[in-house]
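Asker: Next up is a structure, given as structure tokens.
Rule-based calculations on the coordinates, nothing more; no lab input. Please read all numbers here as calculations on a predicted model, not as lab measurements. Here Cβ is always computed from backbone atoms with ideal geometry, including for glycine, and neighbour counts include all displayed protein chains.
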Amino acid sequence: MTDKIEIVGPQKVEGIVHISGAKNAVLPLLAASLLSDDSLLLKNVPPLVDVQTMLSLLEELGASFRIDNERVDSQKISLKTDSINNFTAPYEIVKKMRASILILGPLLAKFGICTVSLPGGCAIGVRPIDLHLKGMEALGATIELKDGYVHASAPNGLKGAEIEFPIVTVTGTENIMMAAVLASGTTILKNAAKEPEVIDLAECLNKMGANIFGHGTDTITIKGVSRLHHAEHCVVPDRIEAGTYALAAGITHGKIDLIGGNLRQLLPSFIEKMEEAGLLFTDIENGIRVESSGTIAPIDIETEPYPGFPTDLQAQTMAMLCLANGVSNISENIWENRFMHVAELGRMGANIEIHNAHAKIIGVKKLTGAQVMATDLRASFSLVLAAIAANGKTVIDRVYHLDRGYSCVKEKLADCGVLINRLK
Ligand code: EPU
């Protein structure tokens, strides 16, 4: 794959897009396969670089898998983890994908040992893992930090405990929930994450024989069991992908049918805010229709844990608000450094002022094509959206970020009448 995209705008989005399974659901689900001796069959898995990275990590640990294509943007993966013989996530893999930390809970629970490289810095913030480690310690694990690695062990197994998170952490909740599934006794997680991806993981674990209650609320109870068994699970639709394509209709004054399940339920505050901005949402069979009302009204947004406005749609929403009829405000409350797209949008004629974690977006009449650089996954798509709406040619560099979390972008955009060119 090359890492540049060329887009000549303005273009209008009109058509149908199939929403894939969620990246942030499938990564913990793949890690969950480590908890069982029997196979796990995952359906509706998106073909993404992050999925490949998690599969290489599992392979390195001794797992095997088989991939069958369901659709061009969806796969069926059958995983077998009955011959795990390595318990280390090396730096080379963790530095590519921080979600590698998700093997910690399953390996500690099943084998009583796990070594994971400490993730370094990343484009959107410091991203510590202290809450994952404190949670494992509360379950009785011993944690040692040495040579850039976390060495975790629990030779006598994990024991249920009550753990209250000081802040909501998505993968932290998932990691500790997976660890607690095979612990002796009951674990209660308070101030747990309520994200649909956490619910999806709990539902899959329950199909595998776990005993989890309260997922989707801020208190999750896990009664430990001695073993898990075979299960099949279909990954929840990607609400962030759905929101991103809804914004493509919004920024180009177009219309799009998003197909893939009950998307309205997955995006409550996003849809509320988009209606305020002038987008119209109608329920259709197996999805939702999004239509522009013809203008983009300015709005104020604060990113929050679910069910609040998702940080993973902040950059893409900002791209649309650059063309709003007035001044919008965005407060980024989850990640301290998630405004890297602002300077790039500025190169395309956007008028945005940053004050710490707040962005003031002063709507302009038009954006113009420019050479820009993608800095992270969601920022990459914000530039794609701006480029589709802008006048003239935009070349976006370093779009390999996009392949980590969006499948078949060129094909999906072509399905709604938008041409983008991946440069050779
Ligand atoms: N935090 C800590 N200590 C920890 C864990 C988190 O201080 O041990 C802080 C973080 O620094 C951050 C906040 O808690 O300020 C929330 O972080 P969280 O742990 O919820 O983030 P995450 O689990 O690492 C997941 C998604 C992210 C998404 C966030 C927030 C996955 C694989 N990643 O990350 O997705 O932004 O939740 O919703 O599920 C993306 O897809 O582009 C992406 C970055």
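Asker: Quick check: pseudo-label points 7 Å beyond the Cα along Cα→Cβ at residue 134 and residue 391, how many nm apart are they?
Answerer: About 5.3 nm separates the two model spin labels.
Asker: Decide, for the chain, between rounded, prolate and oblate: order the square roots of the alpha carbon gyration tensor eigenvalues as a ≥ b ≥ c, take rounded if a/c falls under 1.5, and otherwise choose prolate if a/b is larger than b/c, else oblate.
Answerer: The shape class here is prolate.
Asker: Can you tell me the order of 387-395, 289-297 when each peptide is scored by its average per-residue count of other Cβ atoms within 10 angstrom, highest first?
Answerer: 387-395, 289-297
Asker: Here's another thing I want to ask about it. Does region 1-153 classify as rounded, prolate or oblate by the C-alpha gyration tensor (a ≥ b ≥ c root eigenvalues; a/c under 1.5 gives rounded; else a/b over b/c gives prolate, otherwise oblate)?
Answerer: Since a/c reaches 1.5 but b/c is at least a/b, the shape of region 1-153 is classed as oblate.
Asker: Can you tell me how much longer the chain between residue 410 and residue 336 gets when fully stretched, taken as 0.36 nm per residue apart minus their C-alpha distance, in nm with one decimal?
Answerer: Roughly 23.6 nm would be gained on extension.
Asker: Please give the length that would be gained between residue 127 and residue 304 if that part of the chain were fully extended, namely 0.36 nm times their separation in residues minus their C-alpha to C-alpha distance (nm, one decimal).
Answerer: Computed gain between residue 127 and residue 304 is 62.1 nm.
Asker: Another question about this same structure. If you take every DSSP beta bridge whose two residues both sit in the chain, what share of them, in percent to the nearest 5, is antiparallel?
Answerer: Among the beta bridges of the chain, antiparallel pairing accounts for roughly 70 percent.
Asker: By the scheme Lys and Arg +1, Asp and Glu -1, what is the net charge of all other residues having a beta-carbon under 12 Å from that of residue 164?
Answerer: That works out to 0.
Asker: Separation between the residue 184 and residue 113 pseudo-spin-labels, each 7 Å from Cα along Cα→Cβ, expressed in nm?
Answerer: With each label point 7 Å from Cα toward Cβ, the separation is 2.1 nm.
Asker: Report the FRET efficiency, 1/(1 + (r/R0)^6), for residue 164 and residue 423, where r is their Cβ-Cβ distance and R0 is 60 Å, rounded to 0.05.
Answerer: Working: r = 50 Å, r/R0 = 0.83.
FRET efficiency, residue 164 to residue 423: 0.75.
Asker: Any idea what angle helix 170-181 forms with the longest principal axis of the chain, computed on alpha-carbon atoms, 0 to 90 degrees, nearest 10?
Answerer: The angle comes out near 20 degrees.
Asker: Testing the spin-label approximation: label points 7 Å from Cα along Cα→Cβ at residue 16 and residue 98. State their distance in nm.
Answerer: A separation of 3.8 nm, rounded to one decimal place.
Asker: Summing Lys, Arg as +1 and Asp, Glu as -1, what charge do residues with Cβ under 11 Å from the Cβ of residue 263 carry, residue 263 excluded?
Answerer: Its environment carries a net charge of -1.
Asker: With +1 assigned to the C-beta of every Lys and Arg and -1 to the C-beta of every Asp and Glu, and no other charges, what is the dipole magnitude of region 23-234 about the Cα centre in debye, to the nearest 20?
Answerer: On the way: 19 positive and 23 negative charges, 12 e Å.
Result for region 23-234 is approximately 60 debye, rounded to the nearest 20.
Asker: Consider just the alpha-carbon atoms of region 138-244 and return their Rg together with their Dmax, both in angstrom.
Answerer: 14.7, 46
Asker: Another question about this same structure. Suppose every Lys and Arg Cβ carries +1 and every Asp and Glu Cβ carries -1, with no other charges. What dipole size does region 55-164 come out with about its Cα centre, to the nearest 20 debye?
Answerer: 120 debye
Asker: On C-alpha positions alone, give me the angle between the axis of helix 239-251 and the longest principal axis of the chain, in degrees, nearest 10.
Answerer: Around 0 degrees separate the two axes.
Asker: Also: Among 203-209, 81-87, 138-144, how do they line up by average Cβ neighbours within 10 Å per residue, starting with the highest?
Answerer: Details: 203-209: 20.1, 81-87: 14.6, 138-144: 17.7.
So the order, starting with the most tightly packed, is 203-209, 138-144, 81-87.
Asker: Roughly what angle does helix 196-207 make with the longest principal axis of the chain, taking Cα atoms, 0 to 90 degrees, to the nearest 10?
Answerer: Tilt of helix 196-207: around 30 degrees.
Asker: Taking just the alpha carbons, could you work out the radius of gyration and Dmax for region 30-117, both in angstroms?
Answerer: When restricted to Cα atoms, region 30-117 yields Rg and Dmax of 12.5, 39 Å.
Asker: Now a separate question. How high is the relative contact order of the chain, given as a whole-number percent (alpha carbon pairs under 8 Å, six or more residues apart)? Please list the in-between numbers first.
Answerer: On the way: 1053 pairs, mean separation 90.4, N = 424.
The value is 21 percent.
Asker: A follow-up question, please. Around residue 230, with a cut-off of 12 angstrom between Cβ atoms, what is the net charge of the other residues, counting Lys and Arg +1 and Asp and Glu -1?
Answerer: -1
Asker: While we're looking at this one, here's another question. Per-residue ellipticity at 222 nm for the chain, helices alone: DSSP H runs ≥ 4 residues times -39500 (n - 2.57), over residue total, nearest 500 deg cm²/dmol?
Answerer: -9000 deg cm²/dmol
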